[in-house]
Amino acid sequence: MNYPGIWGEAFERWVRDGRPRAATIDFDSHDFALPADKLLATLWHCDDVMPADVCGALELPAGSTYSIAARKLHPAWSLIADSTASEHITRLGGLR
């Protein structure tokens, strides 16, 4: 799915700024702050290719998409990727 350019630009700026807690979105000559996890969730299905320098900064291969980056960087995804299914079941109170 392709997204309007402001989302990719906001992501690229966020990466270049050191990935702070909030991203800045430039819309109609106004800057708006958006929590980084919301930006990543927005780009979850974006198959637009990122610029090579952004891929490199994220240690992703050139030609990677915003979706790949969002899934790598989103805090909830990281938690799932770093845990086992049994840990999640335990945290949720077990199977019923």
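What follows draws every value from the coordinates through simple rules; no lab data is involved. It should be emphasised that the depicted structure is a prediction, and the values quoted were computed from it without experimental measurement. Cβ placement follows ideal geometry from the backbone for every residue including glycine, while neighbour counts extend to all protein chains displayed.
Give me the orientation-averaged projected area of the Cα convex hull of the stretch 1-63, in nm², one decimal.
Quarter of the Cα hull surface area: 4.1 nm².
Under a 5 Å amide H to amide H cut-off, with H placed in plane at 1.01 Å, what residues pair with residue 65 once short-range neighbours are removed?
The answer is 50.
Under the rule of at least 5 residues apart or a separate chain, name every residue whose amide H is placed under 5 Å from the amide H of residue 3.
When sequence neighbours closer than 5 places are left aside, the close amide H contacts are 48.
Tally Lys/Arg at +1 and Asp/Glu at -1 over every other residue whose Cβ is under 9 Å from the Cβ of residue 24; what's the total?
Residues near residue 24 contribute -2 overall.
Whole-Hz Karplus ³J(HN,Hα) for the stretch 50-59, in order, using 6.51 cos²θ - 1.76 cosθ + 1.60 and θ = phi - 60°, x for Gly and Pro?
7, x, 4, 5, 6, 4, x, 4, 9, 6
Quick query: amide H of residue 22 versus all other amide H atoms, modeled in the peptide plane; which residues come in under 5 Å with a sequence gap of 5 or more or a different chain?
36
Quick one: net charge of residue 42's neighbours, Cβ under 13 Å, K/R +1, D/E -1?
Once positives and negatives cancel, what remains is -1.
Order by neighbour count: 49, 15, fewest other Cβ atoms within 10 Å first, most last.
In increasing order of surrounding Cβ atoms, one gets 49, 15.
What length, rounded to one decimal in nm, is gained on full extension from residue 19 through to residue 59, with 0.36 nm per residue of separation minus their alpha-carbon distance?
13.0 nm
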